[in-house]
Amino acid sequence: MADDRAGINALMEITARPDLIFVSGQGSWIEDKNSKRYLDFIQGWAVNSLGHNPPAVLQALQDQGRRLINPSPAFYNQPALDLALRLVGSSCFDKVFFANSGAEANEGAIKLARKWGQLKRNGAYKIITFKDSFHGRTLATMSASGKPGWDTKFAPQVDGFPKAQYNDLASVQALIDEQTVAVMIEPVQGEGGVIPATQQFLQDLRALTTQNDMLLIVDEVQTGMGRTGTMYAYQQAGIEPDIMTLGKGIGGGVPLAALCAREAVSCFEHGDQGGTYNGNPLMTAVGVAVFDVLSAPGFMASVNARAQQLSVGLQGLAQKWGLPGERGSGLLRALVLDGNYGNELVQLACQRAPEGLLLNAPRANLLRFMPALNVSTSEIDTLLAWLDDLIAQVRAA
Ligand code: PLP
């Protein structure tokens, strides 16, 4: 670490990072500069849907890198067309705009809804979002987010994001006025603590937005691309939203995101939306490769089997240690603790020897699990056994 101090000091300090430098990864395992291995249940924050360095991603990068990296978004390229067709073919949406991050895709969704409001709803522009929601770190997506404290950071906020209570229809109804154009929701609040919307709530929101001539936007940056056991989480509620955003898992680790919309809502005119890197063939070729693995026969069944195994295992730990329980959807799960010792567990897990474990605590009383979607049964067993030991250590102290 001493040799790397100058490099570390040259980086902006934007978060507390452990004294570790990761150099390589394979599947569910990642290795640091001292050759210590870690079982990774963070996976780049639910990004590496196929684990670290999967062959499909490497092959696509190599093949496409040799062929063409970036002709400019002012021209068509083959992988962007191929991926757009896959996304519209697997969803209720008709049009796709590619972006580089979840926040950028959400910015696009906000712009699209406001544009639609200008054209169809007399300039209605307000988008109802939810307390404790997370939509990104640009100014508009921070304003849309309901993360405590974010309303005063970088003030003034972008106007027009009233906050309702998650899973509470009356609180949404109460916020609707003439200027309300849409509701934007995460099907599972990920950063907010892995809280799933009920299917009834999503169905009610679809009905409410339709009745009021408003759009329903689902932010599936974290829940999409198989994370919750279906390609898209909205499908489990049997609804058809107007707009969906994707990110994280869609690129299997590379920067790729997407804004998807139904035909009737796709109202951008030339010059309204764009971006230098958007839809570049290197990233979209990886997106195609990832999509094809996720949609292969049997893949989603194995995601659901592993999700069941993880859920049952976490319930077992909850029972053994008298914890409140576990929750989540598919392979986005949380173990609720009986005290604020989540960060302590995260640190102990990382320091574990000879092999470490990477965990995340989005709340002090909660551990979140977002493994690779192709995590193995034995890797989940290992996680559960190590977690059991770690909880025992905290209890003993
Ligand atoms: N939306 C949701 C639901 C997210 O979970 C995240 C990131 O955690 C984002 C948007 C922002 O995505 P990105 O960090 O790629 O900008």
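The values are calculated or read from the model by the stated rules, or taken from the named source; none is laboratory data. These figures come from a predicted structure and were not determined experimentally. FYI the Cβ positions are ideal-geometry reconstructions off the backbone, even for glycines, and counts take in every protein chain you see. Each accessible area value is taken on the protein alone, full model and side chains, heavy atoms only, with ligands, DNA and RNA left out. Shrake-Rupley method; radii C 1.70, N 1.55, O 1.52, S 1.80 Å.
Before moving on, here are some points about what is shown:
- Note on the chain: GNM, Cα springs under 10 Å; of M142, M225, M283, the largest mean-square fluctuation is that of M142.
- Surface analysis of segment 304-354 yields an accessible area of 46 Å² per residue, using protein heavy atoms and a 1.4 Å probe.
- Cα gyration tensor shape of segment 283-344, rounded if a/c is under 1.5, else prolate or oblate by comparing a/b with b/c: oblate
- From the C-alpha gyration tensor of the chain, square roots of 5λ in Å: 34, 26, 21
- Segment 267-397: C-alpha gyration tensor shape, a/c 1.5 cut-off, then a/b vs b/c: prolate
- For segment 86-152: accessible area per residue (Å², 1.4 Å): 40 Å²
- Alpha carbon convex hull of segment 239-344, volume per residue in cubic angstrom: 180 Å³
- Accessible-area composition of the chain, carbon plus sulfur, in percent [1.4 Å probe]: 52 percent
- Built amide H within the under 5 Å cut-off of H52, gap 5+: Q26, G27, S28, W29
- Residue-averaged 222 nm ellipticity for the chain, from DSSP H runs of 4+ at -39500 (n - 2.57), nearest 500: -11500 deg cm²/dmol
- 3J(HN,Hα) from dihedral phi, segment 340-349, Karplus parametrisation 6.51/-1.76/1.60, rounded to Hz, x for glycine, proline: 8, 10, x, 5, 4, 5, 4, 5, 4, 5
- Shape class for segment 212-293, computed from the alpha carbon gyration tensor (a ≥ b ≥ c): oblate, with a/c not under 1.5 and a/b at or below b/c.
- Most fluctuating residue given options A372, A46, A16, as computed from a GNM of the chain linking Cα atoms under 10 Å: A16
- The value given for segment 22-132 is a Kirkwood hydrodynamic radius of 17.9 Å, derived from the mean inverse Cα-Cα separation.
- Under-5 Å amide H pairs with E326, H placed in peptide plane, nonlocal only: V336
- Cα centroid separation, segment 357-387 to segment 165-231 (Å): 27 Å
- For S145, residues with placed amide H under 5 Å, excluding near neighbours: H135
- The chain: relative contact order as a whole-number percent, Cα under 8 Å and 6+ apart: 22 percent
- For segment 63-155, lysine pairs separated by 8 or more sequence positions, or belonging to different chains, with Cα-Cα distances below 25 Å total 15.
- Of the chymotrypsin sites (Phe, Trp or Tyr not before Pro) found in segment 14-106, those that fall in a DSSP loop while having at most 13 other beta-carbon atoms within 10 Å are F75, Y76.
- The chain: most fluctuating residue of T141, T276, T152 per GNM, C-alpha cutoff 10 Å: T152
- Stretched out straight at 0.36 nm per residue, the stretch from A296 to Q319 would grow longer than its current Cα-Cα span by 4.7 nm.
- Once exposed loop GluC sites (Glu not before Pro) are cut out (DSSP; at most 14 other Cβ, 10 Å), longest piece of the chain: 14-177
- Net lengthening on full extension, V394/Q309 (0.36 nm per residue, minus Cα-Cα): 28.2 nm
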